[in-house]
Amino acid sequence: MDTIETPRLLLRPWKLEDLGDFNHYCQSPEVGPNAGWKPHESLEESQKILEGWLKAVDGEINWAIVPKETGRASGSISLMQDGRRPGVSNCRELGYVLSKEEWGKGYMTEAAKAVLRYGFEQLNLEMVSINHYSYNNRSRRVIEKCGFTYEGTLRQGVCLYDGRVEDICCYSMTAAEYKEKIL
């Protein structure tokens, strides 16, 4: 997996040495639920998940988001198989999460645009999809700033870790749209 550098960030492969940073932001009750997962309850839980990421399969790419000013892994951003479009070849879903301490700095938009560039220009993807829960306005703003096209809301689209059923707001960008908007 390639490392991607932006003006303020390094998007690099995860390392087991990142466990403390990973556990730090994954414990936050405001971080995980916005991405659909429960806050981590222990270092062991974080380690098990991180070790799974280190063995990623099915073409999933998961980068650590590292602000250059801190050098700490402060979030993750990934391109994974799009489970809602199993028959669409060369399509990936973008997903991300960021430590609360880094919110409001524009890091996620910067990272997402860099990963889109990588996906369309290096991986030659045909489409990138993304979604957010209806209550996650921070993620919605990142998606809009990146130029995704709103497809609609999948009502009762997912059952979360705590049993709540939530709507999912769905977006996508084709390679042609990327070339029109980004280049």
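The values are calculated or read from the model by the stated rules, or taken from the named source; none is laboratory data. Because the structure is a prediction, the values reported are computed rather than measured. Every residue, glycine among them, receives a Cβ derived from its backbone with ideal geometry; neighbour counts consider all protein chains shown. Surface areas here come from the heavy atoms of the whole protein model, side chains and all, with no ligands, DNA or RNA. Shrake-Rupley method; radii C 1.70, N 1.55, O 1.52, S 1.80 Å.
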Legend entry - Over the chain: Kirkwood hydrodynamic radius from C-alpha pairwise inverse distances, Å: 16.7 Å
Legend entry - Accessible surface of Trp103 - all protein chains present, 1.4 Å probe, nearest 10 Å²: 60 Å²
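At a 1.4 Å probe radius, which order do Ile61, Ile168, Ile49 fall into by accessible area, largest first? Don't skip to the end; give the middle numbers.
Numbers: Ile61 30, Ile168 0, Ile49 60 Å².
So the residues, ranked largest to smallest area, are Ile49, Ile61, Ile168.
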Inset, instruction - Heads up, I need the accessible area for Ser42: 1.4 angstrom probe, whole protein in place, Å², nearest 10. - result: 40 Å²
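What helices in the chain pass both tests, a Cα length along the helix axis of 15 Å or more and a mean Kyte hydropathy of -1.0 or higher, using whole DSSP H runs?
Working: long enough: 43-54 (16 Å, -0.34); 107-121 (21 Å, -0.07).
Long hydrophobic helices here: 43-54, 107-121.
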Legend entry - DSSP beta bridge pairing in the chain, given as percent antiparallel to the nearest 5: 90 percent
Inset, instruction - Please give the contour-minus-distance gain from Lys55 to Thr70: 0.36 nm per residue of separation, less the Cα-Cα distance, rounded to one decimal in nm. - result: 2.8 nm
Legend entry - Among Trp63, Trp53, Gly106 - extreme Cα towards positive end, dipole of the chain, charges at beta-carbon: Gly106
Inset, instruction - State whether the stretch 6-56 is rounded, prolate or oblate according to the following rule on the C-alpha gyration tensor (a ≥ b ≥ c being the square roots of its eigenvalues): a/c under 1.5 gives rounded; otherwise a/b larger than b/c gives prolate, and the remaining case gives oblate. - result: oblate
Legend entry - Sequence of Leu19, Leu123 when ordered by accessible area, the most exposed leading, probe 1.4 angstrom: Leu123, Leu19
Legend entry - Solvent exposure ordering (accessible area, 1.4 Å, most first) of Thr153, Thr6: Thr153, Thr6
Inset, instruction - Quantify, in whole percent, the carbon and sulfur part of the accessible surface of the stretch 1-127 (1.4 Å probe; protein heavy atoms only). - result: 49 percent
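Does the stretch 1-85 come out rounded, prolate or oblate, given a ≥ b ≥ c as the square roots of the eigenvalues of its C-alpha gyration tensor, rounded meaning a/c under 1.5 and, failing that, prolate meaning a/b above b/c? Could the numbers behind the result be given before it?
On the way: a/c = 1.44, a/b = 1.05, b/c = 1.37.
Rounded, since a/c falls under 1.5.
Let me spell out the model: positive unit charges on the Cβ of Lys and Arg, negative unit charges on the Cβ of Asp and Glu, origin at the Cα centre of the stretch 13-60. What dipole size does that give, in debye rounded to 20? Display every interim value, and only then the final one.
Values: 4 positive and 10 negative charges, 13 e Å.
Taking the Cα centre of the stretch 13-60 as origin, the dipole is about 60 debye.
Just to confirm, what accessible area per residue do you get for the chain at 1.4 Å probe, in whole Å²? Don't jump to the answer; show the numbers that get you there.
Numbers: 9350 Å² over 183 residues.
Ligands and nucleic acids excluded, the result is 51 Å² per residue.
Please state the charge dipole magnitude for the stretch 76-119, taken about the Cα centre, from unit charges on C-beta atoms (+1 on K and R, -1 on D and E), reported in debye and rounded to the nearest 20. Walk me through the intermediate numbers first.
Working: 7 positive and 5 negative charges, 30 e Å.
Its charge dipole is roughly 140 debye.
Cβ under 13 Å from Tyr133's Cβ, Tyr133 left aside: what net charge do those residues give with Lys, Arg +1 and Asp, Glu -1? If you can, show how the numbers build up before the last one.
Numbers: positive: Arg138, Arg140, Arg155, Arg164; negative: Asp162, Glu166, Asp167.
With Lys, Arg at +1 and Asp, Glu at -1, the net is +1.
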Legend entry - Charged-residue dipole, Cβ positions (Lys, Arg, Asp, Glu), the stretch 79-162 about Cα centre, Debye nearest 20: 200 debye
Legend entry - Table column - 3J(HN,Hα) (Hz), the stretch 70-84, Karplus curve with 6.51, -1.76, 1.60, x for Gly and Pro: 10, x, 9, 5, 10, x, 9, 9, 9, 10, 10, 4, 8, x, 8
Legend entry - the stretch 6-72-the stretch 152-183 distance, computed between alpha-carbon centres (Å): 22 Å
